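Right, one structure below, let's go through it.
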Amino acid sequence: MTWNGGGTVVQQMAPKPMEPIARRIFKGIILLEVAGVFAAYGLFHKMNSSRDFRGTMNKYFPSVLEVFYKSNEWSGVYGVRESDQEAWSNQD
C-alpha cells in the first residue's frame, strides 16, 4: 500500500510473473503425455488382436513389432512371434 498525495491509500498489485503461460505449457505437456499413453495402448491393442496388423508392422516398422514381442515375452506370454512366423511362412 502506498499513500498518494491526497491522503488516500492506493493499493498496488505486484506484477504477475509468467504463471498463466507456465500453467498453459504444463497443461499442454500433460495433455500430450496422456495422448501418448492412449496412443501406445491403442497400438498395443491393435497388434495384440490382429495378426494382419502385426504383418503390416513387420513390413514397415519391424523395430516396433520387436518391442511388442519382447514386452509379451517379459510378461510371460510366449509363442506369439513363432506362431506369426509360421503363419506368414505358410502364406507365401
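The values are calculated or read from the model by the stated rules, or taken from the named source; none is laboratory data. Remember, predicted model here, so these are calculated numbers, not experimental data. Note: accessible area is taken over every heavy atom of the protein model, side chains too, but ligands, DNA and RNA are not part of it. Shrake-Rupley method; radii C 1.70, N 1.55, O 1.52, S 1.80 Å.
Residue-wise test of (1) in a helix (DSSP H, G or I); (2) over 14 Å from the mean Cα position of the chain (by Cα).
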{"site": "Ala35", "(1), (2)": "yes, no"}
{"site": "Gly55", "(1), (2)": "yes, yes"}
{"site": "Leu65", "(1), (2)": "yes, yes"}
{"site": "Val77", "(1), (2)": "no, yes"}
Pick from the range 53-74, criterion of a type outside the set (Phe, Trp, Tyr) and over 19 Å from Ser89 (Cα atoms), ranking: least open to solvent (accessible area, probe 1.4 Å): Asn72
